[in-house]
Every structure is written in structure tokens, then in C-alpha cells.
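Working notes, structure below.
The values are calculated or read from the model by the stated rules, or taken from the named source; none is laboratory data. On a predicted model such as this, the values are computed, not experimentally measured, just so you know. Here the Cβ is made from the backbone with ideal geometry for all residues, glycine too, and neighbour counts use every protein chain on show. The accessibility values were calculated without ligands, DNA or RNA, using every heavy atom of the protein model including side chains. Shrake-Rupley method; radii C 1.70, N 1.55, O 1.52, S 1.80 Å.
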Amino acid sequence: MSLILFFDEISNKDVRVVGGKNASLGEMYCNLTAQGIRVPFGFATTALAYRTFINETGIKSKIIALLKTLNPEDMDSLSKIALALRTLILNTEFPKPLSQAIINAYHRLCVHYNHESIDVAVRSSATAEDLPNASFAGQQDSFLNIAGDERLLEHVRKCYASLFTDRAISYRHHNGFDHMGVSLCVGVQKMVRSDQACSGIMFTIDPDSGSDSLIIIDSTWGLGENIVGGNINPDEFSVFKPTLNIHQPILKRTLGSKRLQMIYDPNNPIHTLNIETPLSLQHTFSLNDEEIIVLARNAHAIEQHYSALSGHPTPMDIEWAKDALDGQLYIVQARPETVQSLKTKSFSLLSYKFDGEPIKKKLLTGTAVGEKIANGRIRIIHDSSEFHLFQEGEILVTDNTDPDWEPVMKKASALITNRGGRTCHAAIIAREIGVSAIVGTTNATTQLFNGQEVTISCAEGETGHVYEGLIPYHVDTLDLSDCGEPHTHLYLNVGDPQSAFHYAKLPNHGVGLARMEFVINNTIKAHPLALIDMMEGKTPVHADEIELLMRGYKNPKQFFIAKIMEGIGTICAAFYPKPVIVRTSDFKTNEYRHMIGGDTYEENEENPMIGFRGASRYNSQLYRKAFEWECEALKRIRDEMGLTNMQLMLPFVRTPQEGRNAISIMNTQGLIQGINGLKIYAMCEIPSNVILADEFLKIFDGYSIGSNDLTQLTLGVDRDSALVASIFDERNEAVKRMLKMAIDACKKEGKYIGICGQAPSDYPEITQFLVEEGIESISLNPDSIVKTWKLVLELENSQKGS
């Protein structure tokens, strides 16, 4: 064995020789550079080098003696012994052959890059590291921007010493690794000058939902240590793997604050420092779309390579950096993901729910980690000197965490931080130990106080909420075993893209109603006509507020289209390749008025429920431009993202001519029935849709019954009026006859017929009626899908029996 091996001499089989990190870098350098994946060249000190160091200097026996006095459960003992071990190593000189071997390798690396003294990253790489069942992420130290022989030797020694940090000792103890059975190797790699560009982390699996069809990319300006350390809230991007090879399926772009930027110290370039990121960069995405796709394809290729090596799917945790000098993107580390990928397939789904709607005051929001609810008393910890104050079961609140915090984190019932994103240390460890966490709240340590009783909810999508008081909640266990396969297709009604991948775990045949208005109201927020005016150089009311919403986007149209593509695209991706029926926007005037700038563009209608909405709005000169933008976004979801499972549905089409006119507008935007499998349905929610079904079905590819509006208009009941609410009932015989007529008409014409209204979710007898009438699909609220699935199976089996 050699004291030194270069990356072109190393493969993934050499973990015991050079450590997990170095073995992975060698594997990628040798096998993936031909695919265009750039890995900076470098070398590794071997396990033999470490053993040579501790054996020939005589410190091995001293290390063993100190470890025998260690009580890893006693934090004071742990800290004292760990410091003694590190001091012993730092004060021990390398044997001459080892130091000379390191210097010679460094000189060879300088020659490789045609430079007298190149900057290198010096990274610890343990032989029990980046294993499929234990990542050891962040347990040992790494150092950046190191140049020169003596500084390199100094920092290799610091890496050796970091094998005995408090956190590393604790991690090995809790994961059953023998301290003396682990050797510390060191990777020395050409530094990527991301201090003047950007860098970050990628996962080839969603670290929260566990979806293996997503690639999550976190990015920030400068060196990437701020992301792992939780010092900043990074930009985050989600990319859809199944259509990535030939399309650009960017499902989400979230602009982070990125308030700090780690750079080389201009007064002392061998050191790094954090500076405040210029506002212009804080308000700009650190990656453009082209770079996002390049990184995602790199990540996908790395995952495929490691999956082939292991013989089973191997999601990866990857670090990347952009070099400001050559503008290229580099992979600087890759390891197997060790949380979601190790979960065994479950035939039950846990769903955390409040007993009622949270009526308590909402104190804070941040990024949710996991999908649980927890409550307890707050304990604010500012630094490690206060660890002894923390009591088992309290909610840990702090600015951010690093690996030294793991012993105290394991005693917490939940975690809240000021800073950090979904891939920061606090988030990674929270998932690993199975506790709820909300990161990036900005001001938790000043807004909360010790002893305060709070409830934290990560069960409401990607945004986590901190509520005042102890709110009762329960956990539903949905049994997904032996669900069977009903003949009637059972779809889901989905509005919130944040919940789409969670809902996709439920038994389903697709989405029968994806609500466009949810995306517009919650992510765009501004009235579409206000954005059009701004695009045309006008200044609408609340223009300043709208400008804040548009940060990171070039202009109002790009913002509007991107947000629809991201929101609707996420729902389509979550259920891909199952069909997702997207209903185009169906706001009423009173709902549009509540949007930012909306009161300028909307009339006060006496009865907006039957007013300026649906196809009438699309066809009017007042709103047509906004509908064209909407259609452009939908076409790009199918064409650019490759999500051809998306089908479309028009709401509230009063007459066949209105339908023709609306479809004509869609055609001008490239949405043409039959092209690439596109179908355009109509909501059957007006009596005229039923009475003139034969005429409507000449225009549309089928119907989806909107039982809410159809009941309202059949019975002449305002469903928003409490005075006549008792009359509103989908089980009324007049409504049931309307349902039967619509089903029969579609079956006669050989067209699709489904239902997406509330009735089947509320009334089993309506579900029975629809199944008996031979409806093709029923779309349900997620909370009723499992019970209705089993009901439909029973009904269909009884029909067969009779």
C-alpha cells in the first residue's frame, strides 16, 4: 500500500484504503469525466498514512488510554477527552517519509495545473464514511483555500485531529463504530473558485417527501459551507427526473435571502470570511435555468452510475461549485443519501392532523422539515456553553446548528432555527433522528421565549408554522395494503402544489381536478391584468408591492408564466404518468378583487357566482390577454417540461359558442386537441351543459361534473347563503337526474365522463349512485380517497355477484 494515491488511481472499491469521500471522487474522476462531469483533480492520503502517523510516533497507545476513560453519554467527559485527543495529535509532528510524500504529491498537483502553488481544498475522509447506512456527514473537518507546503501539512494534521471532535466521537458511539477501527484519510483537491461565483448541494431524492423522481438543488453565492452550516437561506430548485433527459422540467424556483457570502479574505487570501451579500445578488437567483439543468443532469448521471455499481437504486447527496475563472460547474463530492433511501416500504401512511382548525395565534413560519406535528416548551440555546440547560423533550430553538449540536438535538422533541434551508445541517439531522423541524424562520430566538408552550406543524405543506399554545392533534394511520384495483377510476382533487408529492402516495389513478386559481392566488398573488399593465409600461396601483413579488424574474410575463409552470408542473410531475386534469382559472369578480391591484380591474357584481367568470371572461377583450398568458404557460408545461399527462378543462361554459371561442383562443397559443395527446374537457356544472350535452360534446372531449355549481343552479340555491343552505343537497332527486343525463350523454357519444365536485367525498350514497350509473371516474378530496376506494371495490364486487 502507498501513503498517497491520486484520484486517477482510485475507485469506489477503495473506501478502506482512502475513505468514502476520496473513493467517490476517484470513482467519478475515472468514470464520469467522459460524460462531461467535471471533477477537480487531486490526491488522497491513505489509511496506511494515518496508521503510520499514530504508530511510528507512538501516540496510538496514548489515544487508546484516553478513550478508555471516556463516558460518551457525559457531555463534560466527552468534551474534556476529545480536547485532549486533538491536542495530542496537533502537537505531534509527521514522520519524515509521510510529510515528504504529501509535499511531493502537492508539487505534482501544481505541475498538473501548471501553477507554482495552487489553492487546494483539504477534506477529511474517514474509512467508515459515506456508507449506505451511515453518512458521517460533517463529522470531521475540512479546510478551504490552502496553499504552500507547510500550510498543507498543518491542515492535514488538523484533519487527523478532527477524527476526535466531540461530535465525531458521539456519532461513532451511537452508530456502533469502533474508534480505533476507523482511519482518517485526507483528500487534497484543486480549489474551485466559487467564492466569486456560487456553490451548493444536490439530492437526487426529495429529502422530505422521499420522492425519487425529484432532484433538489440548493445554491448560494460564494463558498457552499454557508448552506450546510445553516448560515443562510439558499435558493432552492426542484427538477423532475423522468423527463430530464430531453426536456427542462424545472418544477420550482425559490429565491432565498442569501444574506451572507463566504469569500477569500482580500487582506489574507489564505483565510475565508463571511461578508454581507450585496442586495442586488440577494434579489437574484444564483443559478440560471441552463445551469440548473446541467447540474440536474450531472446529478442524475452520478445516481445512475452508483446505482449500477450497487445493483439497486442509490440516491445521492452531492456537493457542487461554479468556478468564477472558467465559468464551469464542478462536482466536488458525492455520497449515498442515508435517510429517505433507507426507509423500508410501508403499507400504511401516517397523516398528522389537528383535531380542529388551529385557532391559536401563528407566531412564526419557516421551511418545514418532515410532515409531522409536535408541541412542547421552548428552550433557547445560543451556544454550546448552554447545552447543560436543555431538558429531554423540550423544543430546541437556536440560530443554527453544526455537528457539535447533535447530542443535544437527539434529546429534543422538535427544532426551530433562525437560519438554514432544507439541506442545512439542522434539517439533515432532524430527518435522521425523526423529529419535526422548522428552519429559516429568521427571528425565532427573539420572538419566542424559554418555557413558552408552542405547537409546530410541518403537516401543512412546505411552509412550517409555529402556533401559540399546545394544540391537540392526532395521527391517522391509513392502511394501504390490499387496496385492490377498482374498475371505476378514482382521482384526487389537488390545489396546493406543496402537498402534491405527499398526496401522490395515496392510492389513486391521477388527478381529476387541479385548481389553477390556487396557484395564481398563492404564488402570483397579483391580479393578472396588473401584470399585463406593468408589462406594457404602465404603473398600476400597488406596483411596488408587485415588484417585490417578482424578484428574481426579468419581467411580469416571465414571472406569471414561470409560477404557473412551477405550480401546475409540480402537480403533474407528482402523479406522472397518470393523467392530471387542470381546470383553467375560475375566479369570480369578488375573488379577483382581493388580489393585489384587483380592485382596479373588477366590478362589484351583485351575484358574482353567475357573473363574469369562466369562458365568458376568457372571451372578453378585457381579459383575453391574461387567458393567452395562461395558455402559453400550460403549453410550455407539456412541451418544455415533457409533462404530457396534463389534460385541460374549461370551467363555466354557458353555451356551445362560448366553448368554440375559448378553444379558438387556446388554439392560437398552440393548445390543439389531439396534438401530442391533448384533450380539452368542459366542466358540466350548468343545466345548459346537461340539456345541450350533444352539442357541447361535439366541441369537447368529455365532461367532468362540477356537482357544487350544478346543484346550485338546478335548485336555484345560492350556496354561499346561510339562509337557504339547508336546501342545498346533491342527493336531491332533480340533481341526481341531471347527473344521470350527463353520464348517459357522454356514454352515448363515447366521451369521457367524470365528477370532481364535493358530493362523492361527502356522501357514500352519491358514490354508489355514480358507480351504478357507470361513471368513468370520481375525483375526491385526499382525506376521503382511501375509504371511498374500498367502498367502490365493495360496490363493484357486489355488482359482479348479482
### Query
Quick one: Karplus J couplings for the range 537-543, per residue in order, coefficients 6.51, -1.76, 1.60, θ = phi - 60°, nearest Hz, x for Gly and Pro?
x, 8, 10, x, 4, 6, 4
### Query
Taking Cα atoms of the range 515-572, Rg/Rh with Kirkwood Rh, to two decimals?
0.97
### Query
What shape does the range 389-470 take by its C-alpha gyration tensor, where a ≥ b ≥ c are the square roots of the eigenvalues and a/c under 1.5 counts as rounded, a/b above b/c as prolate, and the rest as oblate?
rounded
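Tally Lys/Arg at +1 and Asp/Glu at -1 over every other residue whose Cβ is under 10 Å from the Cβ of PHE587; what's the total?
Net of charged neighbours comes to 0.
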### Message
Rounded to the nearest 20 debye, what is the charge dipole size of the range 705-802 about its Cα centre when +1 sits on each Lys and Arg Cβ and -1 on each Asp and Glu Cβ?
### Response
280 debye
### Task
Round to the nearest 10 and give me the degree value, 0 to 90, for the angle of helix 75-90's Cα axis relative to the longest principal axis of the chain.
50 degrees
### Query
Hey, which aspartates and glutamates would be in cross-link range of LYS698, C-alpha to C-alpha under 18 Å, not counting anything within fewer than 8 residues on its own chain?
GLU658, GLU685, ASP744, GLU749
### Message
For the chain, take the longest principal axis of its alpha carbons; what is the angle in degrees between that and the long axis of helix 149-161, to the nearest 10 within 0 to 90?
### Response
70 degrees
#### Entry: Packing rank of 642-654, 287-299, 170-182, where each peptide gets the mean count of other beta carbons within 10 Å, highest leading
642-654, 287-299, 170-182
### Summary
The Cα radius of gyration of the chain, divided by 2.2 N^0.38 Å with N its residue count, comes to 1.06
#### Entry: Å² of accessible area per residue within the range 1-132, as computed with a 1.4 Å probe and no ligands counted
46 Å²
### Summary
Compactness summary of the range 150-192: radius of gyration and Dmax from Cα atoms, Å, are 12.6, 36
### Query
Taking only the alpha-carbon atoms of the range 347-436, what semi-axes of the equivalent ellipsoid follow from 5 times the gyration tensor eigenvalues under a square root, in whole Å, largest first?
22, 16, 13
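With both bridge residues required to lie in the chain, what share of the DSSP beta bridges run antiparallel, to the nearest 5%?
Of those bridges, close to 65 percent are antiparallel.
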### Task
Quick one: grab the alpha carbon gyration tensor of the range 699-796, order the square roots of its eigenvalues as a ≥ b ≥ c, and give me rounded if a/c is under 1.5, else prolate or oblate depending on whether a/b is larger than b/c.
oblate
### Query
Can you give me the Cα centroid spacing of the range 96-118 and the range 412-441 in angstrom?
40 Å
### Task
Would you mind working out the accessible area per residue for the range 365-493, using a 1.4 Å probe, and quoting it in Å²?
37 Å²
### Summary
Taking the alpha-carbon centre of each part, the distance from the range 506-539 to the range 1-67 in Å is 52 Å
### Task
Pairs to check: LYS258/LYS563; LYS635/LYS679; LYS557/LYS625. Give those whose C-alpha atoms are more than 19 Å from each other in this structure.
LYS258/LYS563
### Task
Considering the options ILE429, LEU634, SER704, tell which one lies farthest towards the positive end of the dipole of the chain, charges being +1 on Lys and Arg and -1 on Asp and Glu at the Cβ, about the Cα centre.
ILE429
### Query
Which value, in Å², gives the accessible area per residue of the range 155-281 when a 1.4 Å probe is used on the protein heavy atoms?
31 Å²
## Note on the structure
Cross-link reach from LYS362 to aspartates and glutamates, straight Cα distance under 17 Å and at least 8 residues apart if same chain, gives GLU453, GLU460, GLU462, GLU468
### Packing rank of 88-96, 117-125, 751-759, where each peptide gets the mean count of other beta carbons within 10 Å, highest leading
751-759, 117-125, 88-96
### Summary
For the chain the mean separation of alpha carbon contacts under 8 Å (6+ apart) over residue count, i.e. relative contact order in percent, is 9 percent
### Dipole magnitude (debye, nearest 20) for the range 1-141, charges at Cβ of Lys, Arg, Asp, Glu
300 debye
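Out of all Cα-Cα pairs in the range 148-231, roughly what percent, to the nearest whole number, are more than 18 Å apart?
Across the range 148-231, Cα pairs with separations above 18 Å total 66 percent.
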### Query
Which value at 222 nm does the chain reach when only helices count, each DSSP H run of 4 or more adding -39,500 (n - 2.57), with the total divided by all residues and rounded to the nearest 500 deg cm²/dmol?
-10000 deg cm²/dmol
### Query
Arranged from highest to lowest average of other beta-carbon atoms within 10 Å per residue, in what order do the peptides 367-373, 144-150 appear?
367-373, 144-150
#### Entry: Solvent exposure ordering (accessible area, 1.4 Å, most first) of LYS68, LYS353
LYS68, LYS353
### Message
Based only on Cα atoms, what mean projected area does the convex hull of the range 276-375 have, in nm²?
### Response
11.7 nm²
## Note on the structure
Quick calc, the range 378-431, dipole around Cα centre from Cβ unit charges on Lys, Arg (+) and Asp, Glu (-), nearest 20 debye, gives 280 debye
### Message
Quick check: the distance between the Cα centres of the range 720-737 and the range 582-609, to the nearest angstrom?
### Response
25 Å
### Message
For a test of the definition: using alpha carbon positions, the gyration tensor, and the 1.5 limit on a/c, classify the range 544-693 as rounded, prolate or oblate.
### Response
oblate
### Summary
For the chain, the longest principal axis of the Cα atoms and the Cα long axis of helix 624-639 enclose an angle in degrees, to the nearest 10, of 50 degrees
### Task
Leaving ligands, DNA and RNA out of it, report the carbon-plus-sulfur percent of the accessible area of the chain at a 1.4 Å probe.
49 percent
